[in-house]
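The values are calculated or read from the model by the stated rules, or taken from the named source; none is laboratory data. What you are looking at is a predicted structure, and each value in this text was computed from that prediction instead of being measured. We place every Cβ from the backbone using ideal geometry, glycine too, and count neighbours over all the protein chains shown. Calculation scope for accessible area: heavy atoms of the full protein, side chains included, ligands and nucleic acids excluded. Shrake-Rupley method; radii C 1.70, N 1.55, O 1.52, S 1.80 Å.
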Amino acid sequence: MATKTSSEIIKDGLWTNNPALVQVLGLCPLLAVTSTVVNAIGLGIATLLVLVGSNLSVSLIRNFVSESVRLPAFVMIIASFVTCAELLMQAFTYELYQILGIFIPLIVTNCTILGRADAFASKNPPLPAALDGAMMGLGFLLVLIVLGGMRELLGQGTLFADMHLLLGPIASDWVIRPFEHYPDMLFMVLPPGAFVGLGLLIALKNGIDQRLKERKLAAGPAQVETGNKRVRVTGSIS
């Protein structure tokens with residue numbers, strides 16, 4: 001398998017193959033904890049760190065693990081990094097850890113992490129693997145933040161409420177209230193609001209992709225050489 005370039009890895013993680021909007025993986029925590037921005041950031045950072053650590057570790061041992069124990073070894077590595085993230089949150093952001101609850105240890109079962117370990121990290125050198133983990137984690141984090149901001153703003157009329165749970169007293173007055181006397185929209189902070197919000201984000205991404213495709217086609221079709229020569233089209237799937 002040909003190694004992707006750094007720009008391709010970055011584009012894949014942030015947009016083309018975004019784990020939340022394209023692969024549609026990790027939906028359980030994505031939908032469950034994004035009622036506020038602070039919850040989204042807390043889970044997103046934990047997932048990002050686990051992705052980078054697990055991808056790097058899997059890449060380092062990829063030539064020393066037999067096929068029969070490959071997946072169990074990957075799960076053990078992921079579980080180790082999740083335990084580290086859980087202990088760090090207990091030590092430094094305990095109240096936020098209590099709010100996120102079971103969704104921190106459940107990072108072990110996140111299909112995004114195991115999928116990247118098996119599909120990319122186990123077949124590529126350490127640096128590309130670590131970059132892939134960072135970009136996939138960052139793409140997931142950005143979707144969490146956007147969805148959390150949408151739900152918090154529409155549901156409670158605030159942004160960045162309770163940021164002190166993550167950043168300490170320095171962020172206690174970061175809360176933004178764009179609307180005075182905003183009537184809370186309970187629907188958006190409940191599970192149905194999460195599904196609606198994610199659906200809107202996926203539709204927005206698909207719409208942008210379609211618009212870019214149309215502009216590319218309108219810019220001019222690719223020139224195809226005509227004549228007696230046969231045209232051969234090749235490609236690769238990664």
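If one computes P(r) from the Cα atoms of the chain, what percent of pairs lie at distances over 22 Å?
Here the tail beyond 22 Å accounts for 60 percent of pairs.
At R0 = 22 Å, how high is the FRET efficiency between Lys216 and Cys28 if r is their beta carbon distance? Nearest 0.05 is fine.
The value I calculate is 0.05.
When a/c is below 1.5 the answer is rounded, else prolate if a/b is larger than b/c, else oblate, so apply that to segment 133-213 with a ≥ b ≥ c taken from the square roots of the Cα gyration tensor eigenvalues.
Oblate, since a/c reaches 1.5 and b/c is not below a/b.
Arrange the peptides 113-119, 166-172 so that the one whose residues have, on average, the most other Cβ atoms within 10 Å appears first.
Highest-to-lowest ranking by the protection proxy: 113-119, 166-172.
Report, to the nearest whole %, how much of the accessible area of segment 37-120 belongs to carbon and sulfur atoms, 1.4 Å probe, protein only.
Percent of accessible area from carbon and sulfur atoms in segment 37-120: 71.
Give me the log10 of I(q) over I(0) for segment 5-105 at q = 0.15 Å⁻¹, as the Debye formula computes it from C-alpha points; what are the numbers?
-0.74
How much mean residue ellipticity at 222 nm does the chain get from its helices, if each DSSP H run of length 4 or more adds -39500 (n - 2.57) and you divide by all residues, to the nearest 500 deg cm²/dmol?
One gets -19500 deg cm²/dmol as the mean residue ellipticity at 222 nm.
Go through Val108, Val146 and list them by solvent-accessible area, largest first, probe radius 1.4 Å.
Val146, Val108
Give the aspartates and glutamates whose C-alpha is closer than 20 Å to that of Lys205, dropping any in the same chain fewer than 8 places away, or say none.
Here the aspartates and glutamates satisfying the reach criterion relative to Lys205 are Glu8, Asp12, Glu214.
Using a Cα-Cα cut-off of under 24 Å, which lysines could be cross-linked to Lys123, ignoring same-chain neighbours fewer than 8 residues away?
Hits, sequence-local ones excluded: Lys4, Lys11.
Provide the per-residue ³J(HN,Hα) series for segment 90-105, in order, calculated from phi with Karplus coefficients 6.51, -1.76, 1.60 and θ = phi - 60°, each as a whole number of Hz, with x at glycine and proline positions.
Whole-Hz 3J(HN,Hα) from phi for segment 90-105: 4, 7, 10, 9, 5, 5, 5, 4, 5, 5, 5, x, 5, 6, 6, x.
In whole Hz, with x marking every Gly and Pro, tabulate ³J(HN,Hα) for segment 132-141 from phi via Karplus 6.51 cos²θ - 1.76 cosθ + 1.60, θ = phi - 60°.
4, x, 5, 6, 5, x, 5, x, 5, 4
Which distance in Å, rounded to a whole number, links the C-alpha centroids of segment 136-214 and segment 37-93?
Going from one Cα centre to the other spans 26 Å.
What whole-number value in Å² describes the accessible area per residue of segment 69-197 for a 1.4 Å probe?
It amounts to 51 Å² per residue over segment 69-197.
Please report the net charge: other residues with Cβ closer than 15 Å to the Cβ of Glu152, K and R +1, D and E -1.
Result for the neighbourhood of Glu152: 0.
Excluding Ala117 itself, what net charge comes from residues whose Cβ is under 13 Å from its Cβ, given Lys and Arg +1 and Asp and Glu -1?
After counting each charged neighbour, the total is +2.
What FRET efficiency comes out for Phe187 versus Leu106 if R0 is 30 angstrom and r is the Cβ-Cβ distance? Round to the nearest 0.05.
Taking R0 as 30 Å, the efficiency between Phe187 and Leu106 is 0.75.
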